[in-house]
Amino acid sequence: QFVRQSKRIKCSHVQQRHYWIASKRIVTPDAMVSGAVEVKDGKIVAVVEGYDWRGNAWTHQIIDYGEAVVMPGLIDVHAHLDDPGRTEWEGFPSGTMAAAAGGITTLIDMPLNSYPSTVSEETLKLKVQAAQGRIFVDVGFWGGLVPENAFNSTALEHLLKAGALGLKSFMCPSGINDFPMTNSSHIREGLSVLAKYRRPLLVHAEIPQELDTADDGAANPRSYSTYLKTRPASWEEAAIRELLKVSKNTRVGGVAEGAHLHIVHLADARSSLDLIKEAKSSGDSISVETCPHYLAFSAEEIADGDTRFKCAPPIRDAHNRDKLWESLLDGEIDMLSSDHSPSAPELKLMKEGDFLRAWGGVSSLQFVLPVTWSYGRKHGISLHQLVTWWSEKPAKLASQHLKGAIAAGNYADMVAWDPDVEFELNEDHPVYLKHRNISAYMGSKLAGKVLATFARGNLVYQSGKHAPAACGVPILAK
Ligand SMILES: NC(=O)N[C@H]1NC(=O)NC1=O
Ligand SMILES: [Zn+2]
Ligand SMILES: [Zn+2]
């Protein structure tokens, strides 16, 4: 009993096992509630409207956030934490502290950029070991679908039985040596194994196409438009066209019924999205995410040499960005994810500013909530939409049925934040990411300040301070 008590003290800024989180704006699945969330032993017991609940609570058991919004914690289904093996890029401690500071209570780690890549039962075990006692929020793991395991259903089953929440593959070179690309035959095989486990395949959908190379040699590598031309929308379109040949199998009655195909970080809001819409209406089990950087920025405004904005697929033109917003608001894009993909600062080649040679990946994890809100409010987004994109749909993709909503019985994963507080991401702002200078949002002015983050009932972050111990849980599929 004493050991449990002292552990809780380190895991959380609140010491009660049983307490109430009060607010005038609690976002539940069907309403905005003024009242309180009753939390006991890490779970939500009840959501109570009005003030009646106060009779049951002692003053020291009430944390009152007043007018601030209380929402489910964000679930980021696409983050590269690079641990073990490339902790000079990020790592579990820094990445999950940044997540907690940003209101993210669960993240699903990508199988590449760490070393070794998570492509087998053994390498998944290394991930789980590395996460033990070093994560401040819950972390689940995607496994990798690569040519080496794609035709080996036993190996894939071992990886899934060991707890990978699903698989991820690339249709173009990933930039990581031990994570080679797959073609549609590999993907077809992967889907048929995933069907049995009812888990998803996430795909980086770009297939290299012949480029129009007329003016190549003379192009300025410091100009973003030079980079943009090397990865046109036709690459995304080609990959999605190819994917739709196999996603058919996920339909009811199909050979991969039970599997699901999820397209990560869609950048092209035109033909690629039309193809996905078509597949959805034909009954394919398919979904798509985009990322805040595609919604916040446009190719036109990226300054020469500012390689913080280099990512793949690339950030496209302003009109495309507006179409992405439209599609998100219409529900054609299902959810958001960070694709937080930092590297060692040297690899961003910030001095040379060479877009063609710099590492591709945007560092963003801590700021996705204020970024989505700051840009989204100009498009009239609602708090419920934020919850759909950042909690409800991601929970479903990762099969986390006790997460993603403020509802009785769920884990007490929540964020309290103030949508009206504006702040500048300058030198004085606390940033928990390993390398603040490569983050694309440094220097921006944003709205939406995270006040507190609760993970499984632990107050893991409040007023700029993390709980002393890393008590996040490694999530394994059962
Ligand atoms: N390896 C890796 O993280 N690649 C990511 N970076 C990026 O910009 N897009 C990606 O898929
Ligand atoms: Zn990718
Ligand atoms: Zn990624």
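The values are calculated or read from the model by the stated rules, or taken from the named source; none is laboratory data. Everything numeric in this text was worked out from a predicted model, so none of it was measured. Positions of Cβ are generated from backbone atoms using ideal geometry, with glycine treated the same way; all protein chains shown enter the neighbour counts. Surface areas here come from the heavy atoms of the whole protein model, side chains and all, with no ligands, DNA or RNA. Shrake-Rupley method; radii C 1.70, N 1.55, O 1.52, S 1.80 Å.
If you scan segment 104-119, which residues turn out to be away from ligand 3 (no atom under 16 Å from the Cβ) and more than 12 Å from the chain's Cα centre (by Cα)? Residue satisfying the conditions is PRO116 alone. One residue alone among ARG456, ARG436 is open to solvent by 20 Å² or more (accessible area, probe 1.4 Å) and touching a strand residue (DSSP E or B) at 6+ places or on another chain (Cβ under 6 Å), and that residue is ARG456. Restricting HIS262, HIS293 to residues that are within 16 Å of ligand 3 (Cβ to nearest atom), in a helix (DSSP H, G or I) and either in contact with a helix residue (DSSP H, G or I) (Cβ under 9 Å, 6 or more places away or on another chain) or not hydrophobic (A, V, I, L, M, F, W, C) (or both) narrows the list to HIS293. Listed by position, the helices (runs of 4 or more DSSP H) inside segment 144-236 whose residues that are under 29 Å from ARG251 (Cβ atoms) and modelled with pLDDT under 95 number at least 1 form an empty set. Of the residues screened, ALA218 is not one that is open to solvent by less than 40 Å² (accessible area, probe 1.4 Å) and either among the aliphatic types (A, V, I, L, M) or more than 16 Å from ligand 1 (Cβ to nearest atom) (or both). Does PHE454 meet the test of being touching a Lys or Arg at 6+ places or on another chain (Cβ under 7 Å) and on the phi < 0 side of the Ramachandran plot? Taking the combined requirement at face value, the residue does not satisfy it. Restricting attention to segment 181-200, the residues being within 16 Å of ligand 1 (Cβ to nearest atom) and open to solvent by 60 Å² or more (accessible area, probe 1.4 Å) number 1. Of all residues in segment 294-334, those being within 15 Å of ligand 2 (Cβ to nearest atom), open to solvent by less than 10 Å² (accessible area, probe 1.4 Å) and of a type in the set (A, V, I, L, M) number 1. If the condition is being closer than 11 Å to ILE75 by Cβ, within 16 Å of ligand 3 (Cβ to nearest atom) and outside any helix (DSSP H, G or I), then segment 359-415 contributes only ALA398.
Kindly indicate whether any position in segment 306-329 is away from ligand 3 (no atom under 16 Å from the Cβ), aliphatic (A, V, I, L, M) and assigned to a loop (DSSP other than H, G, I, E, B). No, segment 306-329 contains no residue that is away from ligand 3 (no atom under 16 Å from the Cβ), aliphatic (A, V, I, L, M) and assigned to a loop (DSSP other than H, G, I, E, B).
Taking the listed residues GLU289, GLU278, the one that is acidic (Asp, Glu) and closer than 15 Å to LEU201 by Cα is GLU289, with no other qualifying. For GLY73, indicate whether it is surrounded by 24 or more Cβ atoms within 10 Å (Cβ to Cβ) and in contact with a helix residue (DSSP H, G or I) (Cβ under 6 Å, 6 or more places away or on another chain). Against the criterion (surrounded by 24 or more Cβ atoms within 10 Å (Cβ to Cβ) and in contact with a helix residue (DSSP H, G or I) (Cβ under 6 Å, 6 or more places away or on another chain)), GLY73 does not qualify. For PHE454, the conditions (1) under 16 Å from GLY73 (Cβ atoms); (2) touching a residue at least 60 places away in the same chain (Cβ under 8 Å); (3) in a loop (DSSP other than H, G, I, E, B); (4) not charged (D, E, K, R) all hold with the exception of (3).
Suppose we filter SER34, SER23 for residues that are surrounded by fewer than 19 Cβ atoms within 10 Å (Cβ to Cβ) and assigned to a strand (DSSP E or B); which single one remains?
Working: SER23 fails: surrounded by fewer than 19 Cβ atoms within 10 Å (Cβ to Cβ).
Being surrounded by fewer than 19 Cβ atoms within 10 Å (Cβ to Cβ) and assigned to a strand (DSSP E or B) holds for just one of SER34, SER23, which is SER34.
Taken over segment 121-178, residues that are of a type in the set (Ser, Thr, Tyr), within 16 Å of ligand 3 (Cβ to nearest atom) and open to solvent by 10 Å² or more (accessible area, probe 1.4 Å) amount to 1.
Which ones in segment 255-272 are open to solvent by 10 Å² or more (accessible area, probe 1.4 Å) and more than 22 Å from GLY144 (Cα to Cα)? The answer is ARG270, SER271. Cβ-Cβ contacts under 9 Å between residues 6 or more apart (or on different chains), taken from a first residue in segment 215-243 that is closer than 16 Å to ASP274 by Cβ to a second residue that is surrounded by fewer than 21 Cβ atoms within 10 Å (Cβ to Cβ) and of a type in the set (Lys, Arg), are listed as ALA233/ARG270; GLU237/ARG270. Apart from one condition, THR154 fits all of (1) more than 25 Å from VAL368 (Cα to Cα); (2) within 16 Å of ligand 1 (Cβ to nearest atom); (3) β-branched (Val, Ile, Thr); the exception is (2).
Of everything in segment 37-51 that's more than 21 Å from THR388 (Cα to Cα) and assigned to a strand (DSSP E or B), which residue is most open to solvent (accessible area, probe 1.4 Å)? Lay out the reasoning, then the answer.
Our first condition is that a residue be more than 21 Å from THR388 (Cα to Cα); within segment 37-51, this holds for 38-42, 45, 48-51.
Right, trim to assigned to a strand (DSSP E or B) and you get 38-40, 45, 48-49.
On the way: GLU38: 32, VAL39: 1, LYS40: 89, VAL45: 67, VAL48: 39, GLU49: 129 Å².
Ranking the qualifying residues of segment 37-51, first place goes to GLU49.
Which residues, taken from segment 460-476, are more than 29 Å from TYR375 (Cβ to Cβ), touching a strand residue (DSSP E or B) at 6+ places or on another chain (Cβ under 8 Å) and open to solvent by less than 40 Å² (accessible area, probe 1.4 Å)? Outline the logic, then answer.
Going residue by residue through segment 460-476, those that are more than 29 Å from TYR375 (Cβ to Cβ) are 467-471, 473-476.
Retained after the next criterion (residues that are touching a strand residue (DSSP E or B) at 6+ places or on another chain (Cβ under 8 Å)): 467, 471, 473-476.
Across segment 460-476, the qualifying residues are ALA467, CYS471, PRO474, ILE475.
Taking the criterion of being more than 30 Å from GLN16 (Cα to Cα) and buried (at least 23 other Cβ atoms within 10 Å of the Cβ), the only residue of segment 377-392 that qualifies is TRP389.
Against the condition modelled with pLDDT of 95 or more, open to solvent by 40 Å² or more (accessible area, probe 1.4 Å) and assigned to a loop (DSSP other than H, G, I, E, B), how does ASN426 come out, does it pass? Judged against the criteria, ASN426 is a match. Give me the residue from segment 248-298 that is in contact with a strand residue (DSSP E or B) (Cβ under 6 Å, 6 or more places away or on another chain) and among the hydrophobic types (A, V, I, L, M, F, W, C) and, out of that set, nearest to LEU191 (Cα to Cα). Out of the qualifying residues, it is LEU261.
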